1. Looking at this structure, is ASP161 of a type in the set (D, E, K, R), at pLDDT below 65 and open to solvent by 80 Å² or more (accessible area, probe 1.4 Å)?
2. Scanning for something of a type outside the set (A, V, I, L, M) and either without any contact (Cβ under 8 Å) to a residue 12 or more places away in the chain or in contact with a His (Cβ under 6 Å, 6 or more places away or on another chain) (or both), does the stretch 77-86 turn up at least one residue?
3. Take the conditions touching a strand residue (DSSP E or B) at 6+ places or on another chain (Cβ under 6 Å) and either basic (Lys, Arg) or under 23 Å from GLU168 (Cβ atoms) (or both) and apply them to VAL47. Does it pass?
4. Could you identify the single residue in GLU54, GLU38 that is part of a helix (DSSP H, G or I), free of Cβ contacts under 8 Å to residues at least 24 places away in the same chain and within 19 Å of VAL19 (Cβ to Cβ)?
5. Keeping to the stretch 6-35, report how many residues are in contact (Cβ under 8 Å) with a residue 24 or more places away in the chain and at positive phi.
6. Any residue at all in the stretch 58-69 that is under 19 Å from SER108 (Cα atoms), open to solvent by less than 40 Å² (accessible area, probe 1.4 Å) and either of a type in the set (D, E, K, R) or at pLDDT 95 or above (or both)?
7. Taking the stated definitions as given, is SER36 among the polar types (S, T, N, Q) and crowded, with 21+ Cβ neighbours inside 10 Å?
8. Any idea which of ASP11, ASP93, ASP86, ASP74 is under 19 Å from the mean Cα position of the chain (by Cα), open to solvent by 50 Å² or more (accessible area, probe 1.4 Å) and either under 24 Å from GLY214 (Cβ atoms) or at pLDDT below 95 (or both)?
Amino acid sequence: ATVGGTGAAVDLGCGTGVVSIALAERGFRVTGIDHSPEMLGQARSKVEAAGLGERVDLREGSVLDPGIPPGSADVVTCQGLLHHLDDLDPCVDVIARTLRPGGSFYISDPTAEPAPPGRVVAAAIELAKRVRRALRRGDRPDPPESGEAPVRWPDLAAALDRNGLEYEAEFITHIPLIHTFVPDRMRLRLELAVSRPWRRRRGDLVFVTGRKPG
């Protein structure tokens, strides 16, 4: 979503600072929170290079205890963070608690409810992996699997409802490896077209925009 303003924004799990910088460029005073010193180091370099050091405050800490006064943020963003957490509920609680009444929030994350096209592509990729493993004579170990899991939309929706937040969700179907065949702009158009029949129900990625009533 396109936002602009002069209020306070909090970027939970700010990583290398991409979203924090985008918010600062739109006029917000931004507090970015992340647990990784390495990520924050990259973020600080980007912020300084963009000349936004006076508008962005980057802090090392837990997104579940960010030290932000309740009701002090006009905007809270949470991009690609929830699937890293064991339980998304406490983070949604932080979003609701940090927002002022009438404030807006933005969440995006991979989800566990892919649309039919995504299921077909995922099944084909899994079959290809199995064939490759069967052909390579077992001379190389399989890479370790990640313990992270996409969020379940019903769980996220329940957490938002429990906090009394108003929201709309839109889903996008991701087509793996398509970037190797088509330019980025065409890839986005294709993924949006494929997503259209299911965009309000399911997909590989969910984008949630909403507000705290007040």
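The values are calculated or read from the model by the stated rules, or taken from the named source; none is laboratory data. Quantities reported herein were computed from a predicted structural model and do not represent experimental measurements. Backbone-built Cβ (ideal geometry, glycine too); neighbour counts: all protein chains shown. Calculation scope for accessible area: heavy atoms of the full protein, side chains included, ligands and nucleic acids excluded. Shrake-Rupley method; radii C 1.70, N 1.55, O 1.52, S 1.80 Å.
1. Details: of a type in the set (D, E, K, R): yes; at pLDDT below 65: no; open to solvent by 80 Å² or more (accessible area, probe 1.4 Å): yes.
Spelling it out, it is not the case that ASP161 is of a type in the set (D, E, K, R), at pLDDT below 65 and open to solvent by 80 Å² or more (accessible area, probe 1.4 Å).
2. So in the stretch 77-86, the residues of a type outside the set (A, V, I, L, M) come out as 77-80, 83-84, 86.
Still in the running and either without any contact (Cβ under 8 Å) to a residue 12 or more places away in the chain or in contact with a His (Cβ under 6 Å, 6 or more places away or on another chain) (or both): 86.
Yes: one or more hits.
3. Details: touching a strand residue (DSSP E or B) at 6+ places or on another chain (Cβ under 6 Å): yes; either basic (Lys, Arg) or under 23 Å from GLU168 (Cβ atoms) (or both): no.
Answer is no for this residue.
4. Numbers: GLU54 fails: part of a helix (DSSP H, G or I).
Exactly one of GLU54, GLU38 is part of a helix (DSSP H, G or I), free of Cβ contacts under 8 Å to residues at least 24 places away in the same chain and within 19 Å of VAL19 (Cβ to Cβ), namely GLU38.
5. Qualifying residue count, the stretch 6-35: 3.
6. yes
7. On the way: among the polar types (S, T, N, Q): yes; crowded, with 21+ Cβ neighbours inside 10 Å: no.
The answer is no for SER36.
8. On the way: ASP11 fails: open to solvent by 50 Å² or more (accessible area, probe 1.4 Å); ASP93 fails: open to solvent by 50 Å² or more (accessible area, probe 1.4 Å); ASP74 fails: open to solvent by 50 Å² or more (accessible area, probe 1.4 Å).
The unique qualifying residue is ASP86.
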